[in-house]
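Written below as structure tokens is the structure these notes are about.
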Amino acid sequence: MVVPKTSTLDITTPPSRWVVLLSKILLVLLILFLLPDLVRAKPKKKNRALENLYNARIIHCETGDCGHLIIEESMNCVTKCVSEKCYSEVKFDVDPLEDGEVDVNRAMLFAQCVRNELLKERARGRTRQ
């Protein structure tokens, strides 16, 4: 009597080269697919105290020294009041904003300059103590 072969998986036989190769390719593709999520940069934490100092300077200038002007006309006054050094460094003194004009690039450069100035002031304050 002949016993028919059953389709059981024999663990003792090694897998064929093609199965191993296909498994490796799938593993590499999976890694490449997941890699961007694994190495995504974490967003920088903002320094809240520094942001508060910067915003406090702006509010002080908007309500104090430049309070007599309307907001649309006070941007040159406010930026000069916040930091004269950064005002001239970002060239607001050479090419001032027109009333109501917004220059995003110069505004970002100005904000970064003021934050750096605040950091230097904070560092000087720590070394004196």
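Tell me which residues, restricted to the range 56-79, are open to solvent by less than 80 Å² (accessible area, probe 1.4 Å) and either among the charged types (D, E, K, R) or in contact (Cβ under 8 Å) with a residue 40 or more places away in the chain (or both). Walk me through how you get there before you give the answer.
Initially, the range 56-79 is screened for residues open to solvent by less than 80 Å² (accessible area, probe 1.4 Å), giving 56-58, 61-62, 64, 66-67, 69, 74-79.
Selection gives Arg57, Glu62.
Would you call Glu101 under 14 Å from Glu117 (Cα atoms) and open to solvent by 50 Å² or more (accessible area, probe 1.4 Å)?
Details: under 14 Å from Glu117 (Cα atoms): no; open to solvent by 50 Å² or more (accessible area, probe 1.4 Å): yes.
The answer is no for Glu101.
Based on what the data block shows, is Leu118 in contact with a Leu (Cβ under 6 Å, 6 or more places away or on another chain) and under 21 Å from Leu50 (Cβ atoms)? It would help to see each step written out before you state the result.
Working: in contact with a Leu (Cβ under 6 Å, 6 or more places away or on another chain): yes; under 21 Å from Leu50 (Cβ atoms): yes.
For Leu118, the condition - in contact with a Leu (Cβ under 6 Å, 6 or more places away or on another chain) and under 21 Å from Leu50 (Cβ atoms) - is met.
Name every residue in the range 80-95 that is farther than 19 Å from Leu118 by Cα and open to solvent by less than 100 Å² (accessible area, probe 1.4 Å), in order of residue number. Spell out how you get there, then give the answer.
Step one: list which residues in the range 80-95 are farther than 19 Å from Leu118 by Cα, which gives 91-95.
If the condition is that a residue be farther than 19 Å from Leu118 by Cα and open to solvent by less than 100 Å² (accessible area, probe 1.4 Å), then Phe92, Asp93, Asp95 are the ones that fit.
Can you name the number of the only condition in (1) of a type in the set (D, E, K, R); (2) in a loop (DSSP other than H, G, I, E, B); (3) closer than 24 Å to Asn47 by Cβ that Glu117 fails?
In the conditions (1) of a type in the set (D, E, K, R); (2) in a loop (DSSP other than H, G, I, E, B); (3) closer than 24 Å to Asn47 by Cβ, Glu117 misses (2) alone.
The values are calculated or read from the model by the stated rules, or taken from the named source; none is laboratory data. All figures in this text were calculated on a predicted structure; none of them were measured in a lab. Every residue, glycine among them, receives a Cβ derived from its backbone with ideal geometry; neighbour counts consider all protein chains shown. Just the protein is used for accessible areas: all its heavy atoms, side chains included, with ligands, DNA and RNA removed. Shrake-Rupley method; radii C 1.70, N 1.55, O 1.52, S 1.80 Å.
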